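The values are calculated or read from the model by the stated rules, or taken from the named source; none is laboratory data. Just so we're clear, the structure is a prediction, and the values are computed from it rather than from any experiment. Cβ placement follows ideal geometry from the backbone for every residue including glycine, while neighbour counts extend to all protein chains displayed. Just so you know, the surface numbers come from the protein's heavy atoms only, side chains and all, with ligands and any DNA or RNA stripped out. Shrake-Rupley method; radii C 1.70, N 1.55, O 1.52, S 1.80 Å.
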Amino acid sequence: MLEKYKSILMYLFFGICTTVINIVTYWIFYIYLDFPNILSTIFSWIISVLFAYITNKLWVFESRSFDKKVLVREITTFFGARFISGVIDLGIMFVFVDILFSPAMVVKFISNMFVVIFNYIASKLVIFK
C-alpha cells in the first residue's frame, strides 16, 4: 500500500519542504530585507522552483534519465508549468497584499496551497509522466 501512494507521499513531503522554502525566503526578502512584495515573490519563486525540480525529478517521480533530450523536455515543461503557478502566486500576492493590504505572510501561505495543488497535477500529468 505504501508503494501505491509513494509518489503522493513524496510529493507531499517535498511539497511541504518547497512551500517552507518559498515562505521563508519570501519572509527574508519582504520582511527582513524590506524588498517590495513583487520582487520578494519572484525571488522566493526562483529559489523554491530550483529546489522543487531537483527533488521532484529524483525522488517524487523518480525520473532517472539524464539524457539531454529528456532533460530539455522535463526542464522546459517543469519550468513552464511552474511559471504558470508563479504567475498565479504573483497575482494573488499583488491583489491581496499590494491592493487590498492583507497580511503578506497569511496571503503567502494561502497562495502556496493553490500553487501546490496546481503543480502536482501539472507534474503528474505532463512533466514526469
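Just a few scattered comments:
- At most 11 other Cβ within 10 Å, DSSP loop - chymotrypsin sites (Phe, Trp or Tyr not before Pro), region 43-129: 66, 101
- Taking the protein heavy atoms of the chain in the context of the full set of protein chains, the accessible area attributed to carbon and sulfur is 80 percent at 1.4 Å.
- Projecting label points 7 angstrom from Cα along Cα→Cβ for residue 46 and residue 68 puts them 2.7 nm apart.
- Cα centroid separation - region 1-25 against region 53-88, whole Å: 15
- Approximating the spin labels as points 7 Å out from Cα along Cα→Cβ, the residue 83-to-residue 124 distance works out to 2.5 nm.
- Rolling a 1.4 Å probe over the heavy atoms of the protein chains gives the chain an accessible area of 60 Å² per residue.
- Label-point separation, residue 113 to residue 16 (7 Å along Cα→Cβ), nm: 1.6
- Note on residue 69: lysines with a C-alpha under 26 Å away, same-chain residues under 8 apart excluded, are 57, 124, 129.
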